[in-house]
Each structure stands twice: as structure tokens, then as C-alpha cells.
Amino acid sequence: MSDTPEQAEARKRWQEADALAKAIAADPVLAAAARQQAEEAARKRDADWQARLEAARPFLRSWGFPGDAETQQTREEARTELQELARKAAQARADVPRIEAELDAISEQLKAPRVRVRSDGSKEILGGHVGGRPVYRSSLNLFAAASISADELWPTNSAVPWPHASTGRNLTGTNVTLGLWENDGAVLTNHAEFGNRAWQVDHSATNPIPSDGHATAVAGTMAAGGFYQFSLGGQPARLLRGVAFEARINAYDTDEFNQEIFDAAAGTVTGQPLRLANHSWGYAGGWTRETIQVLQGGQTNTITNAWIWRGDVSLAEEWKFGFYLPGAPTIPDGTGCVDIDNFLATNATRHLMVYAAGNDRLFDPGVPTNYWYRSGDGPYDWTGVTNPPSGSRDWRNGDGDTYGFDTVLAPGTAKNVLTVGAVRDVYYLSNSLAHLGYATNAVVTLAPFSGCGPTDDGRIKPEIVAVGQSNSVLRTFGIATPANNATNGYYLYQAGTSFAAPGVVGGLGLAMQRRQQLWPNLDPNLDALRGSTWRCIAIHSADDVGAPGPDYQLGYGLFNAVSCVAQLELDLQHGRGTHIKEFQVGVSNSVSWEVDLTNDVPFRATLTWSDPAGVGQTTTEADTTPRLVNNLDIRVERVGATNVYYPWILNPDLTNKTEAARSAAATTSVDSRNNVEQVFIANPPSGRYRIVVTHSGGLPGGPSPSAQWGSLLTTGDTPLPPVFTAIEPSPSGTNVLLTFTADPGAYFHLLSTTDFVSWQTNATVKAEGVTNSVLVSVTQPYQFYRLRRQQ
């Protein structure tokens, strides 16, 4: 059979090439030239490959082994952070004598005692000074669990008499450690409610710390076991059960705060890094009531329930409300906002501090009245003021007579902590029966004492609220907590944001347990979520109450432990990192990706970040300078349309401080004050949307900005699949550079096959940005790849 024209042409070309090859081989000069040409071509291929790898370097991602849940790079970064924390913990221990000497010097210079004991036995502890004025810090269950829906996470029938109140998740706090710092003393660790689960870490034979009722009660709200029962409605009810009733408690007092937070976050004493801690204490200010003893006419007289002014005598208004407290050397012991924000943003990025918003709002005379203030170091050094002029003092704790704005005290005013306000028991009516917990018709009432924002620079505080007071519609007794005067059978009824905050800590502890269940391959020491992410989870999943959006009293709403857990489960459903994201944004850079939204399915996106410490306020003068350093902004755009959705904002009215402006409903716009932003679309038209996160740099006159890690949560969206944009083999054929685009923060399994039947998992890869590259080895002449979200 004769060749076709095409075959004949091919045969001719092969023959010509064969003849040329034989001629070159026979001629040494031509052979050398050919070898040189081949070597140059190989060098060029290698150079081009190296240039391609260099161009891909900013997008080149580390990978984890097939059985790993995390990448090698992320674990190495976490390991390095723990090592650095341990080093700084050692330095902090060495700094204790210096800090004590500095506090002694401040005490001597200002004639201010290191510790002042109130008539109820609680303490006011000197923390430092501002502008030459001493500043003191002080201390600020089943019903609580039900009102934040935590009981619905417990084993079925364990919340008698509400057996329906279970979602079958059987969460108890097992294998979770919760921390707490207290101002007045130690937890009674051998109380029957704690079994062997509580440890006062800083108590020892050489440093004995007496047990304290407030500390014991706070620990009980977090993790009391439910040992004590009493009848409710004719049925046994474990009313003393804490929210995470099988969690471990690591407790500290605040005396060596700076050292202890480093030790705890590094795990140098306990053997395990602490990720979550409660702080039901803060700096004292404004009005309070106390029974005091005074010297009058050479005799000691008792003044019962006297009004006490804790502000500066020379100033009419309490400047400490909303104040961003500076760090060392003004506040040398690490309890100022600057040092706390620096600790969380720079040192312990996987730790979250939860602070009580305080109990001072509208707790005041309201009108001119006789009052007392401290005038010396001694227990009887009080000066009374009789018939004071109306303009001599601000007779209100807070701005305005109705809402009591601007009543949060430091460190609850720090940027990177989660600040918790208090509401009364939350309930709703169904078939004429009252049910504890949240529903759309629930009754949510702010506790009359709960501290409110804004801060001096207009930020939203508190971010969320939880139950901190009983509701007389439901019960006549307070929040039941263990007492410290006996190891069993003795309990107290409490109220205050001091007991709202630990309820949130317990609820987040249940969520931590659920995360361990969902991803059992995660290393608890190295694969923890960032503190900003847990803060974001609490805010994002809160039940919005009142007008849509946040406000300065309730923040973003009522903490909901079930919704926190549901957010983790949603992330598992669509793939880890799809709805709970952690990624970094460079200064003046943007990160954007697309998602699908559906009509009638509300969409919510919440962005938080642990911002570098701002500049502390160093005088008592009003200073509205924004404390934000890295100004991240989020917006959502409808693809193919002009719709742009911005985050919620409030009007702090820092000039006139009017209640009308501050109580107005939230609107939407660009936010340059807060390090939490939330976009909400109640009824999005079905279609594709683009989420855009921009690092807008720093603020005018503020500290220099830097690259920032952000935590972003979404609900109501469907992710798009990742897309390979390039597959480039190395010259040797032993490696392939895979480049793909995906939503940042998402985790993927990289799989390969040669026959499209049997797929092998090669690695775990995290999309650190929208564009990502990974270098893999090749073992077969033909190999095909795909990415699957990690579940």
C-alpha cells in the first residue's frame, strides 16, 4: 500500500533528520556544536524553571501530610510562638521584682496604698497611675446556661426539668481547660462542685492565696459540676451546674498578672497552653456604695451604705469610663489596655481574654447628695461632703439619665478582648408557658447595672451580652453559685457582669470541645484557632435583639452557645476554612473572592482582628483619638450589578454625647474605629457576590500599620470550587508546580490519579490567599490532579 501524501511528507522529514544526525555524528565540529546547543537549551529550561519558582514564591504554600489536618508551615509558626512565649514568660518572671518596686514607688510618691480593703472584704489593688492620679482595680448555673442555650448542648435529660432542651450533641466541656484571673483571692478548689478539676495555679506553700467567694462563684458559673440539687417544680434540678460542667479550671489571682499570662499562654507551668480565660475584674471608677468607718470627734463612727466617689476629687466627671489605659511604665503590671492588646496581637495570638463590662451603669445618686471620698492611706481616712452644689459633681455613672452610655472601665475597653455585658434571664412564651432561651419572641432585658459603650474613641463595647441577673417574672432568687465558706452545701445567689462573662467562657469551652470532635486530627497545642477567631465566633453567632445591627448597650446581641457550635459544624459541612477563615492582608492590599447567595437566605459576614496596641491615654483630658492601628475594611459587592453592602456603624457623638444620637439604630458605611465589622444582607437577590477585605493602612497621625491577620466568618453563602490556573512540570519531569485560585483561609486535600478511578490523597493544602501554588513530586509519566475541601 502506497503512503498517503501526509505520510510521504513525514517519511521525507524523518529521513532528512536522520541524515543530518548521522552527518553531525560523523563531524566532530558539528557534534560539539550540537552538544553545546543542547546544553544551552537545558540551562535555559532550568533558568526558566527557577525564574518561574521565584515568581511563584509569594504564592507558594506549605503542605501537610495526607493524614494531617494542618500544614507544616502553620504548625511551625505555632510552635515558634509557643517557644517565644516561654522565653518571654521567663523574662516576665525575672521582671516581677522590678514591677513590684515600681508599684511601691508609685504608692509612696502618691501616698496611695498598694491594697485597699472594702467593708465587704473585697480589694482595690493599685495598678499604677495616670497623670499623677492613682488607679485601682477591683472585682466587678443552670439558669444562666439555659438563657444562652448552652443547656441544649448537654446530654439529653441532663437539664431537668427541661428534658426537651437538648440537641443531642452531648457536650460537657470534657478535655477543655478554662482559665480565670481574679482580683480578691483563690478559687475554693476542693469544693464538691469541682471534684478534682480546679487548680489554683499560683497557690503554693510559699505563696498561699486565701479562697475568695467571688473567685469561687465565677469558677462555678463556668464549670460547677451539678453536685448540689434542689427541687424546682416538684422535680430535681441541678441548678448549680456550670455551663461547661466537666471542664478543667486553671485559676490565678492578678498579683503577678504580667508573668502569669505569659506562663499560662505558653503552658510552661501547666504543661498545656491556655487558650481561653475569664476576667471578672476591672479598674474602679465613678460612684459606688459602701459601709465605712470614719473618725468623728475622736470616735469611730460607722456610716452605712454611704455614697462613695471613686473619681478624682478635683474633677466633676469620672474620666476612667471608656478610657484606653496605657501600659508600662504608667501601668507597670501588664493590666493596662496597651499591654493587653499587645499581648494578644503580638505574643499570644491563639489566646482570648473575656472581660466583664462592669456593673457601674446608672448606679449613682442621680441628684446632689452627701457623699464621701478617700483622703488618705488609712482605713478611717475619709472626707465627707455635705450639701454639695449641683454642678460640683457628675451625679450619674454614665452619659445621660436613660441609657447610661460610656460606663465600661478598663481593661474591658481594650480592643482585642471580648467584652460581655449582662441581661436578665432570657425567656419566651409558647402555649402560655415560659421557656428559657432565645426565640424570635424572646424577652431580652438589659440588666440595669451593665456597662455600656461607647469607648472614648467611639468603639462598640460590649460586643455581646449574656445572663447576669435573674428575672423576677421567672424567679425570686439570683444566679446560684458555689460559696467559699465550706466544701459542699453552701451556695450564694449572685448578679453582675462578673457572672455573664464566665457563662460565655463556658459556652466557648463547649464549642472548643465540639471542634476537637469534628477534627480529631488537630493538635490541641499547635492547631488552635486564633483568639480573634473565637471572638469572631461569639459575635457572629449572637442573636441580634432590638433594632437590626449592634448598639452600645447589647453589642451585637445575646451570646448563643448552640449557634457557636452550629458555625463549626457548618464549616465542616462545606469544608474546613470555608465559613471560618484566617488569612493575612498586607498594607494597602485587598483580598476578594466570590460566593453564591440565595434569595430569602440571610447572609452575614463578620470580620475581626487582633489589632496592634494603640497609643494609650496618658491624661485625664477627653481624648477621642482612634485607637485603631491596622484599618481593615469589609464590603460585599453583587457581581454584574452596582449593589455594594457595607458594615454596620453607630454614631458615638463624641462631641455632644447626646443619648438621641447614641441610641439611634445602626446604619451602614465604612468603619474606621472598630476591629470588628459585620455585613448583613437580610434578603439578597439570588446570584453571585464578591467579598472584599481591604487593608486601608493606618489612620492619620497614628502608629505605622503592618500586615494583619484577620478572622472572617460567613453564613448564608455557598462556596465556589477551586480552579487550577496552571500546571507546570519541571525540566526533569520529577516535579509539578500547581497553581490554583480559591477563597482564602480554606483547606483542601490535593488528590492525584493516573486512571480517573483510583484517587490518592497527596497532601493537605491551605489557601493562604486567592492565588496559591504548591510544588509536588511526580512518580508517573501521566498524572492528573484535583482539589477537594477538607472535611
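Restricting attention to the stretch 579-591, which residues are more than 18 Å from the chain's Cα centre (by Cα) and open to solvent by less than 50 Å² (accessible area, probe 1.4 Å)? Before you say what the answer is, go through the steps one by one.
Let us first name the residues in the stretch 579-591 that are more than 18 Å from the chain's Cα centre (by Cα), namely 585-591.
Selection gives V585, G586, V591.
Filter the stretch 263-318 for residues that are more than 20 Å from D456 (Cα to Cα), assigned to a loop (DSSP other than H, G, I, E, B), touching a strand residue (DSSP E or B) at 6+ places or on another chain (Cβ under 8 Å) and open to solvent by 20 Å² or more (accessible area, probe 1.4 Å) and give the result.
Result: T270, Q272, R275, V313.
From the list V636, V679, V601, V629, which residue is in a loop (DSSP other than H, G, I, E, B), open to solvent by less than 50 Å² (accessible area, probe 1.4 Å) and either touching a helix residue (DSSP H, G or I) at 6+ places or on another chain (Cβ under 7 Å) or farther than 19 Å from E768 by Cα (or both)? Break it down stepwise before answering.
Values: V636 fails: in a loop (DSSP other than H, G, I, E, B); V679 fails: in a loop (DSSP other than H, G, I, E, B); V601 fails: open to solvent by less than 50 Å² (accessible area, probe 1.4 Å).
Of the residues listed, the single one that is in a loop (DSSP other than H, G, I, E, B), open to solvent by less than 50 Å² (accessible area, probe 1.4 Å) and either touching a helix residue (DSSP H, G or I) at 6+ places or on another chain (Cβ under 7 Å) or farther than 19 Å from E768 by Cα (or both) is V629.
Name the residue that is farthest from P502 (Cα to Cα), counting only residues in the stretch 196-221 that are open to solvent by less than 50 Å² (accessible area, probe 1.4 Å) and out of contact with any Ser or Thr (no Cβ under 9 Å at 6 or more places or on another chain).
Checked the stretch 196-221; the qualifying residue farthest from P502 (Cα to Cα) is S204.
Just checking, which of T419, T407 is polar (S, T, N, Q), open to solvent by less than 60 Å² (accessible area, probe 1.4 Å) and part of a strand (DSSP E or B)?
Values: T407 fails: part of a strand (DSSP E or B).
Answer to the check: T419.
Scan the stretch 404-422 and give yes if some residue there is of a type outside the set (S, T, Y), farther than 30 Å from A78 by Cβ and in contact with a Ser or Thr (Cβ under 6 Å, 6 or more places away or on another chain), otherwise no. So that I can check it myself, show each step before the final result.
Step one: filter the stretch 404-422 for residues of a type outside the set (S, T, Y), giving 404-406, 408-412, 414-418, 420-422.
Add one more test, that the residue is farther than 30 Å from A78 by Cβ, and what stays is 404-406, 408-409, 421-422.
This time we only want the ones that are in contact with a Ser or Thr (Cβ under 6 Å, 6 or more places away or on another chain), so: 421-422.
Yes, the conditions are met somewhere in the stretch 404-422.
Have a look at L570, L518, L510 and point out the one that is open to solvent by 10 Å² or more (accessible area, probe 1.4 Å) and in contact with a Leu (Cβ under 7 Å, 6 or more places away or on another chain). Steps first, please.
Details: L570 fails: in contact with a Leu (Cβ under 7 Å, 6 or more places away or on another chain); L510 fails: open to solvent by 10 Å² or more (accessible area, probe 1.4 Å).
That would be L518, the only listed residue that is open to solvent by 10 Å² or more (accessible area, probe 1.4 Å) and in contact with a Leu (Cβ under 7 Å, 6 or more places away or on another chain).
Here's a check for you: in the stretch 435-460, which residue that is of a type in the set (S, T, N, Q) and open to solvent by less than 30 Å² (accessible area, probe 1.4 Å) is farthest from the chain's Cα centre (by Cα)?
Within the stretch 435-460, the first condition is being of a type in the set (S, T, N, Q), and the residues that meet it are 440-441, 445, 450, 455.
Cutting the leftovers down to open to solvent by less than 30 Å² (accessible area, probe 1.4 Å) gives us 450, 455.
On the way: S450: 20, T455: 18 Å.
Here the residue is S450.
Return the total of residues in the stretch 427-452 being outside any loop (DSSP other than H, G, I, E, B) and among the hydroxyl-bearing types (S, T, Y).
Of the residues in the stretch 427-452, the ones outside any loop (DSSP other than H, G, I, E, B) are 427-430, 433-436, 443, 446.
Filter again for among the hydroxyl-bearing types (S, T, Y), leaving 427-428, 430.
Qualifying residue count, the stretch 427-452: 3.
Could you grab me the full set of residues in the stretch 422-434 that are farther than 25 Å from W281 by Cα and open to solvent by less than 30 Å² (accessible area, probe 1.4 Å)?
First, the residues of the stretch 422-434 that are farther than 25 Å from W281 by Cα: 427-434.
Answer for the stretch 422-434, where residues must be farther than 25 Å from W281 by Cα and open to solvent by less than 30 Å² (accessible area, probe 1.4 Å): just Y427.
I'm checking my understanding of the structure. Among residues of the stretch 177-194 that are modelled with pLDDT of 90 or more and among the small types (G, A, S), which one is farthest from R248 (Cα to Cα)?
In this case the residue turns out to be G185.
Working carefully through the options P744, P700, P705, P731, find the one that is closer than 30 Å to N683 by Cβ and part of a loop (DSSP other than H, G, I, E, B).
Working: P700 fails: closer than 30 Å to N683 by Cβ; P705 fails: closer than 30 Å to N683 by Cβ; P731 fails: closer than 30 Å to N683 by Cβ.
P744 is the lone residue from the list that is closer than 30 Å to N683 by Cβ and part of a loop (DSSP other than H, G, I, E, B).
How do the strands (runs of 3 or more DSSP E) wholly within the stretch 97-141 filter down when requiring 3 or more residues that are aliphatic (A, V, I, L, M) and open to solvent by less than 60 Å² (accessible area, probe 1.4 Å): which remain? Please lay out each step first, then the result.
Values: elements: 115-117, 123-130, 133-139.
Where strands (runs of 3 or more DSSP E) fall fully within the stretch 97-141 and carry at least 3 residues being aliphatic (A, V, I, L, M) and open to solvent by less than 60 Å² (accessible area, probe 1.4 Å), they are 123-130.
Give the residues of the stretch 592-618 that are under 25 Å from the mean Cα position of the chain (by Cα) and charged (D, E, K, R), sorted by residue number.
Listed by number, the residues that qualify are R604, D611.
Search the stretch 177-194 for residues that are at positive phi and pair each with any residue that is small (G, A, S) and surrounded by fewer than 24 Cβ atoms within 10 Å (Cβ to Cβ) when their beta-carbon atoms are under 8 Å apart and the residues are at least 6 apart or on different chains.
G185/S211
Is it fair to say Y747 is buried (at least 17 other Cβ atoms within 10 Å of the Cβ), over 30 Å from V601 (Cβ atoms) and in contact with a strand residue (DSSP E or B) (Cβ under 7 Å, 6 or more places away or on another chain)? Outline the logic, then answer.
Details: buried (at least 17 other Cβ atoms within 10 Å of the Cβ): yes; over 30 Å from V601 (Cβ atoms): no; in contact with a strand residue (DSSP E or B) (Cβ under 7 Å, 6 or more places away or on another chain): yes.
Taking the combined requirement at face value, the residue does not satisfy it.
Under 6 Å by Cβ, and 6 or more places apart or on different chains, what pairs join a residue from the stretch 234-253 that is farther than 20 Å from W281 by Cβ with one that is part of a strand (DSSP E or B) and at pLDDT 85 or above?
Close Cβ pairs (under 6 Å, with a partner that is part of a strand (DSSP E or B) and at pLDDT 85 or above) amount to A247/L178; R248/T177.
When you check T754 against the structure, is it farther than 24 Å from L570 by Cβ, at pLDDT 95 or above and either open to solvent by 70 Å² or more (accessible area, probe 1.4 Å) or β-branched (V, I, T) (or both), yes or no? Give the derivation first.
Working: farther than 24 Å from L570 by Cβ: yes; at pLDDT 95 or above: no; either open to solvent by 70 Å² or more (accessible area, probe 1.4 Å) or β-branched (V, I, T) (or both): yes.
So T754 does not fit the description; no.
Conditions (1) part of a loop (DSSP other than H, G, I, E, B); (2) open to solvent by 20 Å² or more (accessible area, probe 1.4 Å), marked per residue:
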| site | (1), (2) |
| --- | --- |
| F323 | yes, no |
| G327 | yes, no |
| G334 | yes, no |
| F343 | no, no |
| M353 | no, no |
| L362 | yes, yes |
| P365 | yes, yes |
| W372 | no, yes |
| G384 | no, yes |
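Among the residues of the stretch 767-786, which ones are open to solvent by 30 Å² or more (accessible area, probe 1.4 Å), within 14 Å of F724 (Cα to Cα), of a type outside the set (K, R) and not in a loop (DSSP other than H, G, I, E, B)?
T771, L775, F784, Y785
Quick check on R275: is it in contact with a Gly (Cβ under 8 Å, 6 or more places away or on another chain) and under 28 Å from L180 (Cβ atoms)? Before you say what the answer is, go through the steps one by one.
Details: in contact with a Gly (Cβ under 8 Å, 6 or more places away or on another chain): yes; under 28 Å from L180 (Cβ atoms): yes.
It is true that R275 is in contact with a Gly (Cβ under 8 Å, 6 or more places away or on another chain) and under 28 Å from L180 (Cβ atoms).
Identify the residue in the stretch 551-585 that is assigned to a loop (DSSP other than H, G, I, E, B) and of a type in the set (A, V, I, L, M, F, W, C) and, among all such residues, is farthest from T606 (Cα to Cα).
Of all residues in the stretch 551-585, those assigned to a loop (DSSP other than H, G, I, E, B) come to 552-554, 556-557, 559-560, 575-579.
Next, from what is left, pick out any that are of a type in the set (A, V, I, L, M, F, W, C): 554, 559.
Details: L554: 17, F559: 15 Å.
Across the stretch 551-585, the extreme among qualifying residues is L554.
Conditions: (1) open to solvent by 40 Å² or more (accessible area, probe 1.4 Å); (2) closer than 27 Å to G702 by Cα; (3) in contact with a Phe, Trp or Tyr (Cβ under 8 Å, 6 or more places away or on another chain); (4) assigned to a loop (DSSP other than H, G, I, E, B). P548 meets all but one. Number of the miss?
(2)
The values are calculated or read from the model by the stated rules, or taken from the named source; none is laboratory data. Only a predicted model underlies this, so the values are computations on that prediction, with no experimental measurement involved. Heads up, the Cβs are rebuilt from the backbone with ideal geometry, glycines too, and the neighbour counts pull from every protein chain shown. Ligands, DNA and RNA are excluded from the accessible area calculation, which covers all protein heavy atoms including side chains. Shrake-Rupley method; radii C 1.70, N 1.55, O 1.52, S 1.80 Å.
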